[in-house]
Amino acid sequence: MLKLVISFAWLCMQVTFSALMRLRVLALFSCLCAAQGYAAGPSGGVVSAGSATITQSAAQTTIKQSSDKAVVNWSNFSIGSGSTVRFVQPSASSIALNRVSGAHASVIQGALQANGQVWVLNPNGVLIAPGGQVATGSFLATTRSLTDQQFMAGQYAFTDGGVAGASVVNQGSIIVAEGGYAVLAGEAVRNEGYIEANLGQVVLGGAKAFTLDLSGDNTLAFVVTAPVDVTPTDSKAIVDNSGSIQAAGGRVLMTARAASQVVGQVINTGGVVAATSAQMVNGKIVLDGGAGSVSVAGNLDVSGKTSGQTGGAKPVCPALWQRLV
């Protein structure tokens, strides 16, 4: 009986610690919001490449993109609760790169919507807060940097954003269109919410620098080109999933590289990762920590959805290049 009581107490302590860490992350971003005089929507938007117009009224911000690619530099790119930022793009293959030049993290508490691909680059950090909703064709959030020239030329070689320890955290929901992708990349990546990319691809990438390859046959390749060289301030793994990732018929890649001085785990997943079969398309889960440690305490599901469907694959793979095909 005493052993049972001790086990129950230990479980309660773990749950409490997890909750406190979650609140710590949210409180940190909330303090950043207060410090910047947090507004309902993004501000200071200037188009630096491509063609787009920005219209703002009350709690609605609309970016109408007329070129296939466009870059908007913002002094602040945050979305308050009850506010909406909507991108109207030429097609699902169109990309809008949103670069934050200010000194504060991006916090999405409201809704981010788009029919195409939306990228958010903020070296100070990106948080999709509880209640925040991202519903786009595809989505990328990173603390890494990319020039206008590279972006417009399709050379997606992301480099150090210049702010050590900045993180990308999802505590809300990210739902991309069927066949789309959701990429969260930086020196510390956390999914504590919900990510859905059916028949598409989800990448949680821990890297100081990385390259992204988007080819025309609905494939995506993510390659770490420089390892993380700072230990995460919250003492978690570089890539940590305690939430839910759903990619029916799709692919999930959790990958990270750490320099020798970085202490702790590289990848940890205690949540749910599901890449089940959909319409006879098998799913795939790849956990790639290189020479670092990978911890799996949660559920990895690549089963068939119905009778007669085969499951996918869930390898823990040390290869540097993981092409999701």
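The values are calculated or read from the model by the stated rules, or taken from the named source; none is laboratory data. Values in this document were obtained by computation on a predicted structure and should not be read as measured data. Here the Cβ is made from the backbone with ideal geometry for all residues, glycine too, and neighbour counts use every protein chain on show.
Below are the figures for this structure:
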| item | result |
| --- | --- |
| Flag if V189 is crowded, with 24+ Cβ neighbours inside 10 Å, under 19 Å from Q117 (Cα atoms) and modelled with pLDDT of 95 or more | no |
| Among residues of region 82-134, those that are among the small types (G, A, S) and within 20 Å of L212 (Cβ to Cβ), counted | 9 |
| A92 being part of a strand (DSSP E or B) and over 14 Å from T147 (Cα atoms) | no |
| Unique match (being outside any loop (DSSP other than H, G, I, E, B), under 11 Å from the mean Cα position of the chain (by Cα) and buried (at least 23 other Cβ atoms within 10 Å of the Cβ)) among V183, V252 | V183 |
| Test: residue in region 267-278 that is modelled with pLDDT under 80, within 20 Å of the chain's Cα centre (by Cα) and not in a loop (DSSP other than H, G, I, E, B) | no |
